[in-house]
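Everything on this sheet refers to the single structure shown next.
The values are calculated or read from the model by the stated rules, or taken from the named source; none is laboratory data. All values derive from a computational prediction rather than experimental measurement. Cβ sites come from the backbone with ideal geometry, for glycine too, and all protein chains shown count toward neighbours.
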Amino acid sequence: MLKDADTDGISDFNEDLLGFDAADKNSGAHKDVVIDVVVFYTKNFKEDISVDPETKINNAFTTVNEIFSGSNTGIEFNIVHYELLNYENNCIEERCTAGQRWNDTQSVMAEYGEKGKNQWRFSEKIRALKGADYVMILDGKGEDDPTAGQAASGTNNRGYFGFNKDKRTAFVHYESWGYDIDEEVMAHELGHLLGMSHSRKQSLETFGDNAKTAGTFPWATGHAVFDKFGTIMTYPSKFGIALGIKRFSDASRSDCEYSDPVTLEKIYNVFCGVDRSDSENGADAVGAMKITRYQHENFSPSRPALGTGSSDGKSYPAKFLAGAIKDIELGFKTTFKPSDAITAEGTINVAPEHIGKIGITHIIVDAGLLGAFQVNTEGQFVGLDLAAPNLVGSIAPRPLKGIEDLMVLNELIVEPLGVTAATLNVYFGYTVVDSGLLLYSAVPLTIQIAE
């Protein structure tokens, strides 16, 4: 993971992943990554905040992205789906009391974040269908929960996450403290997903002789100065009266700043980390993230974009995304066997000028010799004459949302229906009722079924 034959600053492993020539320093360059995230939120989160959940989540991730950007990680998080979880506290008696309101961190993580157990199938299906790399669960106030957040991180793997693609779930109690405290917790947990540990001191206290396996590399950890400051991954309280700063450790920079906890004097130009060559104190989370980030961006491929067309021939900023998956497998497919469980969905990012206007959405399936169909408001497939189409809506007229999800097939197995071969071309669209303007996917989502 660290070998760099052409000394261009990108490891041979990552050059191969990116399609560069590991022997030619001019063949490629560092590139920033976008990690796609599904965000689930609980009813406690919804009740505890004072604004629309999606608005709050967007604002929180804006701050998280500013933290990662300010640390020069080259990582940005992109929300691809929001969903209210139908979750009721189900933690064991040893951890919870009857009738408590707050959700136990470890119980939620066990419910949605452990491969093959409990509600893993539910969360993994949505992750696969949305093309997401990570899943983040935002909950309300933690009250008596001793844990503010938790993440299923890959550790002691020397930077290789090929066997840890299931380590993709983070949970955070959103306490609404203000001052970006909750967003720092979110950034902290996302750091764990990327393979970061807390600090050398904390790893030694927790893991003893195995302290150097707490992160993806021994130096993939936070940095703190006692009674002064601690970076994002540290627990500042473990370092006297140190205060947290909104930066990840970075051995290459000496421009960190903090307010002295005693004098409140602003201190500038301090080292942000310790060089990784220091076997006992090395702390370079940013350096580690720049190695692991490319793998994480590729945990799950992004959904294909279908292009945008319009009935008036003008250009609009709407986007049409769609994909089909087999069961809950990561990765979009176009060819399936009759015995496969096929789930297919489109997502419309509605043009900003159309959000809130009364509209209807459309799903059209051209199945060739099997006929053409469209989905009505009852979710039923009804016949469609392509020569003289009379479009119906898949929803009743209502204000259009910024994101409209259109499910086409949900774990459909065609074999029991006697279908052995078919080609489905699926189109998505929406109509703005007052003007009659129709926007639609320029090309179809194609699903081929064959033995």
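Here are the numbers for this structure:
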quantity	calculated
Those residues of the stretch 363-379 which are under 12 Å from Val408 (Cβ atoms), in contact with a strand residue (DSSP E or B) (Cβ under 6 Å, 6 or more places away or on another chain) and assigned to a loop (DSSP other than H, G, I, E, B), in sequence order	Ala367
The lone exception for Gln119 - which of (1) at pLDDT 95 or above; (2) in contact with a helix residue (DSSP H, G or I) (Cβ under 7 Å, 6 or more places away or on another chain) it fails	(1)
Residue check, Arg127 closer than 21 Å to Pro301 by Cβ, crowded, with 22+ Cβ neighbours inside 10 Å and among the basic types (Lys, Arg)	yes
So Val432, is it in contact with a helix residue (DSSP H, G or I) (Cβ under 9 Å, 6 or more places away or on another chain) and modelled with pLDDT of 95 or more	yes
Scope the stretch 125-144; condition of a type in the set (D, E, K, R) and either at pLDDT below 95 or within 21 Å of Asn89 (Cβ to Cβ) (or both); matching residues	Asp139, Lys141, Glu143, Asp144
Thr347 within 31 Å of the chain's Cα centre (by Cα) and without any contact (Cβ under 8 Å) to a residue 24 or more places away in the chain	no
Filter result for the condition that a residue is at pLDDT 95 or above, of a type in the set (Gly, Ala, Ser) and within 20 Å of the chain's Cα centre (by Cα), over Ala152, Ala224, Ala170, Ala148	Ala170
Criterion (over 30 Å from Lys31 (Cβ atoms), in contact with a Lys or Arg (Cβ under 7 Å, 6 or more places away or on another chain) and not polar (S, T, N, Q)) met by exactly one of Phe381, Phe336, Phe373, Phe299	Phe336
Residue in the stretch 130-146 that is out of contact with any helix residue (DSSP H, G or I) (no Cβ under 8 Å at 6 or more places or on another chain), assigned to a helix (DSSP H, G or I) and either of a type outside the set (S, T, N, Q) or in contact (Cβ under 8 Å) with a residue 60 or more places away in the chain (or both) present	yes
Criterion violated by Ala60 - all others in (1) surrounded by fewer than 20 Cβ atoms within 10 Å (Cβ to Cβ); (2) aliphatic (A, V, I, L, M); (3) closer than 20 Å to Asp139 by Cα satisfied	(1)
Only listed residue being assigned to a strand (DSSP E or B) and farther than 21 Å from Ser315 by Cα, chosen from Leu424, Leu438	Leu424
Residue that is surrounded by the most Cβ atoms within 10 Å (Cβ to Cβ) [pool: residues in the stretch 156-215 that are hydroxyl-bearing (Ser, Thr, Tyr), free of Cβ contacts under 8 Å to residues at least 24 places away in the same chain and in a helix (DSSP H, G or I)]	Ser203
Members of the stretch 34-55 that are touching a residue at least 12 places away in the same chain (Cβ under 8 Å) and in a helix (DSSP H, G or I)	Lys43, Asn44, Phe45, Lys46, Glu47, Asp48, Pro53, Glu54
Lone unmet requirement of (1) over 28 Å from Val135 (Cβ atoms); (2) outside any helix (DSSP H, G or I); (3) free of Cβ contacts under 8 Å to residues at least 60 places away in the same chain for Glu280	(3)
Of the criteria (1) free of Cβ contacts under 8 Å to residues at least 40 places away in the same chain; (2) outside any strand (DSSP E or B); (3) loosely packed, with under 15 Cβ neighbours inside 10 Å, which one Val382 fails	(2)
Residue check for Asp327: among the charged types (D, E, K, R) and over 27 Å from Gly162 (Cβ atoms)	no
Some residue of the stretch 398-409 being more than 27 Å from Gly356 (Cβ to Cβ) and either in contact with a strand residue (DSSP E or B) (Cβ under 7 Å, 6 or more places away or on another chain) or modelled with pLDDT of 95 or more (or both)	yes
Criterion (of a type in the set (S, T, N, Q), part of a loop (DSSP other than H, G, I, E, B) and closer than 20 Å to Val34 by Cβ) met by exactly one of Ser302, Ser339	Ser302
Any hit, the stretch 74-97, residues being modelled with pLDDT of 90 or more and part of a helix (DSSP H, G or I)	no
Selected residue (only one of Ile395, Ile360 is touching a strand residue (DSSP E or B) at 6+ places or on another chain (Cβ under 8 Å), assigned to a strand (DSSP E or B), of a type outside the set (Phe, Trp, Tyr) and farther than 19 Å from Val443 by Cβ)	Ile360
Scan of the stretch 5-23 for residues that are in a loop (DSSP other than H, G, I, E, B), modelled with pLDDT of 75 or more and among the charged types (D, E, K, R), ordered by number	Asp6
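Condition check ((1) in contact with a helix residue (DSSP H, G or I) (Cβ under 9 Å, 6 or more places away or on another chain); (2) modelled with pLDDT of 95 or more; (3) surrounded by 21 or more Cβ atoms within 10 Å (Cβ to Cβ)) across all residues:
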{"position": "Cys256", "(1), (2), (3)": "no, yes, yes"}
{"position": "Ser259", "(1), (2), (3)": "no, yes, no"}
{"position": "Lys266", "(1), (2), (3)": "no, yes, no"}
{"position": "Val274", "(1), (2), (3)": "yes, yes, no"}
{"position": "Glu280", "(1), (2), (3)": "yes, no, no"}
{"position": "Ala285", "(1), (2), (3)": "yes, yes, yes"}
{"position": "His296", "(1), (2), (3)": "yes, no, yes"}
